[in-house]
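The values are calculated or read from the model by the stated rules, or taken from the named source; none is laboratory data. As the structure is a computational prediction, the values presented were derived from the model and not from experiment. Heads up, the Cβs are rebuilt from the backbone with ideal geometry, glycines too, and the neighbour counts pull from every protein chain shown.
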Amino acid sequence: MRSIDEPKVYLVAKTMLEPEGLDAYLNDIGKPDWRPDPNVSDSENLIEAAGRMCYRSWQPYDPAKPEATNPNVSTVRQGNDAYISNVLKSGHGSVLEHASLTFICRNVSRVFTHELVRHRAGMAYSQESLRYVRLDDIPFWIPDSASANDQAKKKFEEVVSFLENTQKELSDIFGMANLSDFTTKKQLTSMFRRLAPIGLGTTIMVTGNLRAWRHIIEMRTSPHAEEEIRIVTGKIAEICQKHFPNIFQDMTFDSDSGSWCFGHNKV
């Protein structure tokens, strides 16, 4: 058994603007008085552009720019922060789906991943496969609620060590070290995993749009959520707020409950 401290989260990708394409579009519709803000993220600029395109609210109405302006619009909100604030208040959440974040979650259990993959809308997953990856050891994080109790911690360690040895014994029984055919190895590895604990450490890459991440953060940092998923989603929440302060401007941390809460949860 390889003991691991706690799950880790890495931000590995995020949406980027293609400036030439956006500039070409803005030029083609009459050069409205709006350009991306260089002081905010590409994702936040993209979301603002999506909203302004929907309502032709690039600038106040100008009859000389019929494609860029709207006769119903006499004033427009200035600034990305103010614009996105109104998006959140109005619940126009669909524009948040244009921007996405990709995380790698390492040292997480399959308990965690089984819960995470239930979130399907706006999400994509790639997980380490135990059909292909044979277990030489079993990385394992003992939940805080168990590690605080010496007897419970000992029982966890005993059971995981037993199952780890079972993996090695099965490998010896089937002569895995002498097999060269990968198809046979895969079939046997797939069979061995049935005797691996659901709490073993694994790795998953997950991509979600920002509307979906807001929903997941609210759901999975709740005091009613499972212990591990609260830890991982809390780390994701911190990263989201750091990189996208305007999109997550209404998100606050409740130190009493350990939850991340939103001022506008119907986005």
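When you scan the stretch 47-61, do you find a residue that is part of a loop (DSSP other than H, G, I, E, B) and under 21 Å from the mean Cα position of the chain (by Cα), even just one? So that I can check it myself, show each step before the final result.
At the first step, the residues of the stretch 47-61 found to be part of a loop (DSSP other than H, G, I, E, B) are 56-61.
So of that shortlist, the ones also under 21 Å from the mean Cα position of the chain (by Cα) come out as none.
Among the residues of the stretch 47-61, not one is part of a loop (DSSP other than H, G, I, E, B) and under 21 Å from the mean Cα position of the chain (by Cα), which makes the answer no.
Applying the criterion of being farther than 20 Å from Leu163 by Cβ and among the hydroxyl-bearing types (Ser, Thr, Tyr) to the residues of the stretch 177-211, the residue that is farthest from the chain's Cα centre (by Cα) is Ser180.
Quick one: in the stretch 166-196, of everything that is touching an Asp or Glu at 6+ places or on another chain (Cβ under 9 Å) and surrounded by 16 or more Cβ atoms within 10 Å (Cβ to Cβ), which residue is farthest from Glu128 (Cα to Cα)? Among them, the one singled out is Ser171. Summed over the stretch 121-151, the residues that are free of Cβ contacts under 8 Å to residues at least 60 places away in the same chain, more than 20 Å from Glu228 (Cα to Cα) and not aromatic (Phe, Trp, Tyr) give a count of 5. Within the stretch 132-152, not a single residue is among the aromatic types (Phe, Trp, Tyr), farther than 22 Å from Thr189 by Cβ and either at pLDDT 95 or above or assigned by TED's automatic domain parsing to the domain that holds Arg52 (or both). For the residues Phe253, Phe262, Phe192, the requirement of being farther than 21 Å from Ile138 by Cα, touching a residue at least 40 places away in the same chain (Cβ under 8 Å) and in contact with a Ser or Thr (Cβ under 9 Å, 6 or more places away or on another chain) singles out Phe262.
Selection of the stretch 9-34 for residues being loosely packed, with under 15 Cβ neighbours inside 10 Å and part of a strand (DSSP E or B) yields Tyr10, Val12, Ala13. Restricting attention to the stretch 122-146, the residues that are small (Gly, Ala, Ser), in a loop (DSSP other than H, G, I, E, B) and touching a helix residue (DSSP H, G or I) at 6+ places or on another chain (Cβ under 6 Å) add up to 1.
Quick one: in the stretch 136-153, which of the residues that are farther than 17 Å from Arg110 by Cα and of a type in the set (A, V, I, L, M) is surrounded by the most Cβ atoms within 10 Å (Cβ to Cβ)? Per the criteria, the residue is Ala146. Restricting attention to the stretch 35-65 and to residues that are of a type in the set (Lys, Arg) and crowded, with 16+ Cβ neighbours inside 10 Å, the residue that is farthest from Asn86 (Cα to Cα) turns out to be Lys65.
Considering the conditions (1) β-branched (Val, Ile, Thr); (2) closer than 25 Å to Phe140 by Cβ; (3) touching a residue at least 60 places away in the same chain (Cβ under 8 Å), Thr207 is excluded by exactly one of them, (2). Restricting the search to the stretch 203-245, which residues are polar (S, T, N, Q), in a helix (DSSP H, G or I) and surrounded by fewer than 18 Cβ atoms within 10 Å (Cβ to Cβ)? The one that is polar (S, T, N, Q), in a helix (DSSP H, G or I) and surrounded by fewer than 18 Cβ atoms within 10 Å (Cβ to Cβ): Gln241.
Within the stretch 88-116, how many residues turn out to be part of a strand (DSSP E or B) and farther than 30 Å from Val160 by Cα? Spell out how you get there, then give the answer.
Going residue by residue through the stretch 88-116, those that are part of a strand (DSSP E or B) are 100-109.
From what is left, the residues that are farther than 30 Å from Val160 by Cα are 100-102.
Number satisfying all stated conditions: 3.
In this structure, is Phe156 buried (at least 16 other Cβ atoms within 10 Å of the Cβ), in a helix (DSSP H, G or I) and in contact with a Cys (Cβ under 9 Å, 6 or more places away or on another chain)?
On the way: buried (at least 16 other Cβ atoms within 10 Å of the Cβ): yes; in a helix (DSSP H, G or I): yes; in contact with a Cys (Cβ under 9 Å, 6 or more places away or on another chain): no.
Considered against the rule, which asks whether it is buried (at least 16 other Cβ atoms within 10 Å of the Cβ), in a helix (DSSP H, G or I) and in contact with a Cys (Cβ under 9 Å, 6 or more places away or on another chain), Phe156 comes out as no.
Checking the condition small (Gly, Ala, Ser), modelled with pLDDT of 95 or more and within 20 Å of Asn265 (Cα to Cα), which residue from Ala49, Ala82 passes? Break it down stepwise before answering.
Numbers: Ala49 fails: within 20 Å of Asn265 (Cα to Cα).
Criteria check complete, one pass: Ala82.
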